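Below is one structure; the comments refer to it alone.
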Amino acid sequence: MSSSDANSAIFLTDAPEDIERKIKTHAFSGGQDTKKLQEELGANLEVDVSYQWLRFFLEDDEELERIGREYGSGKGEYWSTGRVKAKLVEVLKELVAEHQERRSKVTEEVVREWMSERCIV
């Protein structure tokens with residue numbers, strides 16, 4: 001991925017609408033081409049970027065298992081790529097917002113304190 005391509009990653013400085021646009025537009029889907037095929041065959045979870053990211057970022061293991069089961073079978077609340085991407089967007093927006101909130105509280109004084117030479121023994 002090119003570091004000069006703003007769409008190549010989700011950055012901790014991204015606005016919520018940028019996160020949503022990037023996931024909806026650029027995250028590769030393991031879902032089928034039609035609703036009918038998706039309901040018959042389910043998604044290929046191994047290649048679906050949104051599902052793989054949820055495996056890392058979603059803290060609720062039971063919910064992740066349910067999403068995988070439903071998306072992989074094409075049945076249930078998370079039967080479609082759109083539903084899985086929407087869940088990932090929700091999770092990432094919350095994560096990035098929490099980071100941005102914490103980062104906004106870091107002052108130059110805090111940085112100087114952390115960077116100062118001190119005895120660790």
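Observations, loosely collected:
- A Cβ-based charge dipole, computed about the Cα centre of the chain with Lys and Arg at +1 and Asp and Glu at -1, lands at about 280 debye.
- Nearest 10 degrees, 0 to 90: helix 81-104 Cα axis against the chain principal axis: 10
- 37 °C / 0.692 mPa s Stokes-Einstein diffusion coefficient of the chain, Kirkwood radius on C-alpha pairs, µm²/s: 201
- Pairs exceeding a 29 Å alpha-carbon distance, out of K36/K85; K35/K87; K24/K105: K24/K105.
- Protein accessible area in the chain, 1.4 Å probe - carbon and sulfur %: 53
- Dividing the summed -39500 (n - 2.57) terms of all DSSP H runs of n ≥ 4 by the residue count of the chain sets its mean residue ellipticity at 222 nm at -18500 deg cm²/dmol.
- Extension reserve of the E17-K75 stretch, reckoned as 0.36 nm per residue once the Cα distance is removed: 18.0 nm
- Placing dummy labels 7 Å off each Cα toward the beta-carbon, the span from Q100 to E65 is 3.5 nm.
- Note that the chain presents 72 Å² accessible area per residue, ligands and nucleic acids not counted, probe 1.4 Å.
The values are calculated or read from the model by the stated rules, or taken from the named source; none is laboratory data. No experiment lies behind these values; they were computed from the predicted model shown. Neighbour counts run over all protein chains shown; Cβ positions are idealised from the backbone, glycine included. To get the accessible areas, we keep the full protein, side chains included, count just its heavy atoms, and leave off ligands, DNA and RNA. Shrake-Rupley method; radii C 1.70, N 1.55, O 1.52, S 1.80 Å.
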